[in-house]
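Working notes, structure below.
The values are calculated or read from the model by the stated rules, or taken from the named source; none is laboratory data. Not measured: the values here are computed from a predicted model. Virtual Cβ from ideal backbone geometry, glycine too; neighbours counted across all protein chains shown. Remember, those area values only see protein heavy atoms, side chains included, never the ligands or the DNA or RNA. Shrake-Rupley method; radii C 1.70, N 1.55, O 1.52, S 1.80 Å.
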Amino acid sequence: IREVRTFCPAALGIQADVSKIDDVRRLFSTVQEKFGRLDILVNNAGILKDNLILKTEEEEWEKIINTNLKGTFLCTKEAAKMMLLNGGKIINITSIMGLCGNPGQAAYSSSKAGIIGFTKTAAKEFGPIGITVNAIAPGLTETEMISYLTAEQRQRLLNQTILKRIA
């Protein structure tokens, strides 16, 4: 947050678990109190844990779905309430894996596919009242989330990309 404040002194860091409604309500309540309105929401919280379907535990599945998909739903719902009067923009970060799937990523791919469907519905519901809802579906991106990949896994994923590189 310190680095962000060099560009935006009013920036506010709020820790919240987007899969928990009480945390999400507290987050948006704090934004309302501090700024009085919300213009843009970027739903970017996401987790990944690779595992084959037969080895995926129910708890793993739920954690990924709850963070990635349920978190997008909860944050969108609270943000839209704040945007009703003035309009706004909601941007959901999904993944190319939500379109094509990937071995060992059933929960992740499912959550990201769910975000795509959710985005289409939210756009139709909120567009007429001045809230645009869009999704961005990047491919393999260099983040901490993929730091565990072996060289072989990275190469396999790179081979699936058109430009043969990580974003």
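Table for the structure above
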read-out	value
Residues of the range 38-60 classified as over 16 Å from Thr72 (Cα atoms), at pLDDT 95 or above and not aliphatic (A, V, I, L, M), total	7
Elements of type helices (runs of 4 or more DSSP H) in the range 1-97, at least 2 residues being open to solvent by less than 80 Å² (accessible area, probe 1.4 Å)	21-35, 58-65, 71-83
Top-ranked residue of the range 6-62 - restricted to ones that are in contact with a strand residue (DSSP E or B) (Cβ under 9 Å, 6 or more places away or on another chain) and among the aliphatic types (A, V, I, L, M), ranked as farthest from Gln153 (Cα to Cα)	Leu38
Qualifying residue in the range 128-147 (condition: closer than 14 Å to Asn92 by Cβ, open to solvent by less than 40 Å² (accessible area, probe 1.4 Å) and not in a loop (DSSP other than H, G, I, E, B))	yes
Residue match in the range 31-45 (condition: within 29 Å of Trp61 (Cα to Cα) and basic (Lys, Arg))	no
Close pairs (6 angstrom Cβ cut-off, 6 or more residues apart or separate chains): in contact (Cβ under 8 Å) with a residue 12 or more places away in the chain in the range 148-167, surrounded by 13 or more Cβ atoms within 10 Å (Cβ to Cβ) anywhere	Leu157/Leu140; Thr161/Gly139; Ile166/Leu140
Residues satisfying the stated conditions in the range 5-29, i.e. more than 20 Å from the chain's Cα centre (by Cα) and among the β-branched types (Val, Ile, Thr)	Thr6
Any chance Leu163 is loosely packed, with under 12 Cβ neighbours inside 10 Å and of a type outside the set (Val, Ile, Thr)	yes
Condition met for Asn102 (assigned to a loop (DSSP other than H, G, I, E, B), farther than 23 Å from Asp17 by Cα and open to solvent by less than 30 Å² (accessible area, probe 1.4 Å))	yes
Unique residue being more than 27 Å from Gln15 (Cβ to Cβ) and modelled with pLDDT of 95 or more when the list is Ala113, Ala79, Ala107, Ala122	Ala113
